[in-house]
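Notes follow once the structure below has been shown.
The values are calculated or read from the model by the stated rules, or taken from the named source; none is laboratory data. As the structure is a computational prediction, the values presented were derived from the model and not from experiment. Every residue, glycine among them, receives a Cβ derived from its backbone with ideal geometry; neighbour counts consider all protein chains shown.
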Amino acid sequence: MEILIRPDAAAVAQQAADILEDYVRAGKTLGLATGSTPNPTYQELIRRHREAGLSFAECKAFLLDEYWGLPREHEQSYYSTIRRELTSHIDIPDAEVHSPDGTNTDYRAAGEDYEQAITNAGGVDVQILGVGTNGHIGFNEPGSSLSSVTRIKTLHPQTVTDNARFFGGEEDVPRHVLTQGLGTIQRARHLLLLATGEGKAGAVAALAEGPLSAFCPGSVLQLHQHATVVVDDAAASKLRNSEYYRFADANKPA
Ligand code: F6R
């Protein structure tokens, strides 16, 4: 796992956009996360699209997850969110932006359909990830199978609390989501996890340096052959090995 420590969230976004730009230029398949963390990266990609001609026309995109039961037109559905934050501002074809169907009452079929859609597209080339304060990636809450596939999950109460800010109160946060599994995520060819702020420091230390464990779903990055973690100083503050990560970053082989 490569760990890149940057001074602040803006520098994390620059670094992440630099990594993603190569995939975009090659017309690759992008795995997109929602939540607050990737938004500065998305803003930087939008800026490069508008000002530097970065084209997404050949790209496909797959979202990590979707609230189950929310209609797509609900402003907090991840289908609406990713359009608002990224895809409506770039030239990716709308029909190539995929998300689990949170309106399918048959959630098993919804999960299977989504796995099939990812497979049919040839898999995800680079998967953007955030991390929950409890170590979740996607909505694979602690206790998730390390080889799980897209399925329904009940949110952890901590996640309900964390996401209440988007819904105006905890009682309005849906309790269920359809999420890519940890096995699905691990099939992406490159994992790019972003974390900013002191509130993520414990989760970052646990996923990068703690034991590989279902208790910290993000720790599956330790198994992946190509995982990049980009964090700001605050989110890196509990890493025990940060001196080495900074040294390795400054002394990359040519
Ligand atoms: C969102 C997702 C979640 C978030 C995580 C962090 O699609 O899958 O795992 O990445 O909850 O959320 P933020 O970035 O809002 O702190």
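Touching a helix residue (DSSP H, G or I) at 6+ places or on another chain (Cβ under 6 Å) and of a type outside the set (A, V, I, L, M, F, W, C): which single residue out of R72, R108 fits that description? Break it down stepwise before answering.
Details: R108 fails: touching a helix residue (DSSP H, G or I) at 6+ places or on another chain (Cβ under 6 Å).
Sole residue among the options that is touching a helix residue (DSSP H, G or I) at 6+ places or on another chain (Cβ under 6 Å) and of a type outside the set (A, V, I, L, M, F, W, C): R72.
If you check every pair at least six apart or on different chains, which have Cβ atoms under 8 Å apart with a residue in region 33-46 that is in contact (Cβ under 8 Å) with a residue 40 or more places away in the chain and over 13 Å from A16 (Cβ atoms) first and a residue that is among the hydrophobic types (A, V, I, L, M, F, W, C) and within 11 Å of the ligand (Cβ to nearest atom) second?
From residues that are in contact (Cβ under 8 Å) with a residue 40 or more places away in the chain and over 13 Å from A16 (Cβ atoms), the pairs are T34/L63; T34/L64; T34/I82.
Is there a residue being near the ligand (Cβ under 9 Å from one of its atoms) and touching a residue at least 24 places away in the same chain (Cβ under 8 Å) anywhere in region 119-127?
Taking every residue of region 119-127 in turn, none turns out to be near the ligand (Cβ under 9 Å from one of its atoms) and touching a residue at least 24 places away in the same chain (Cβ under 8 Å).
For (1) more than 30 Å from D18 (Cβ to Cβ); (2) among the acidic types (D, E), each residue gets a yes or a no:
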{"position": "R108", "(1), (2)": "yes, no"}
{"position": "D125", "(1), (2)": "no, yes"}
{"position": "I137", "(1), (2)": "no, no"}
{"position": "L193", "(1), (2)": "no, no"}
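Which residue, of T196, T228, is at pLDDT 95 or above, surrounded by 24 or more Cβ atoms within 10 Å (Cβ to Cβ) and not aromatic (F, W, Y)?
T196
Which one of these does A110 not meet: (1) more than 24 Å from L182 (Cβ to Cβ); (2) of a type in the set (A, V, I, L, M); (3) crowded, with 20+ Cβ neighbours inside 10 Å?
(1)
Please go through (1) within 13 Å of the ligand (Cβ to nearest atom); (2) at positive phi; (3) not charged (D, E, K, R) for Q180 and return the number of the only condition it doesn't satisfy.
Going through the list (1) within 13 Å of the ligand (Cβ to nearest atom); (2) at positive phi; (3) not charged (D, E, K, R), Q180 breaks only (2).
Would you pick out the residues in region 154-177 that are within 11 Å of the ligand (Cβ to nearest atom) and in contact with a strand residue (DSSP E or B) (Cβ under 8 Å, 6 or more places away or on another chain)?
L155, V177
Checking G181 against (1) surrounded by 20 or more Cβ atoms within 10 Å (Cβ to Cβ); (2) more than 30 Å from N104 (Cβ to Cβ), only one condition comes out false. Which one?
The number of the failed condition is (2).
Pull up region 124-148, narrow it to residues that are buried (at least 16 other Cβ atoms within 10 Å of the Cβ) and among the small types (G, A, S), then point me to the one that is nearest to S99 (Cα to Cα).
Ranking the qualifying residues of region 124-148, first place goes to G138.
When you scan region 75-103, how many residues do you find that are more than 28 Å from A11 (Cβ to Cβ), of a type in the set (S, T, Y) and touching a helix residue (DSSP H, G or I) at 6+ places or on another chain (Cβ under 8 Å)?
Of the residues in that region, 1 qualify.
Filter region 114-123 for residues that are in contact with an Asp or Glu (Cβ under 9 Å, 6 or more places away or on another chain) and surrounded by fewer than 17 Cβ atoms within 10 Å (Cβ to Cβ) and give the result.
Once the filter is applied, which keeps residues that are in contact with an Asp or Glu (Cβ under 9 Å, 6 or more places away or on another chain) and surrounded by fewer than 17 Cβ atoms within 10 Å (Cβ to Cβ), region 114-123 yields only A121.
For region 234-247, give me each residue that is surrounded by 16 or more Cβ atoms within 10 Å (Cβ to Cβ) and of a type outside the set (S, T, N, Q).
A234, A235, A236, K238, L239, Y245
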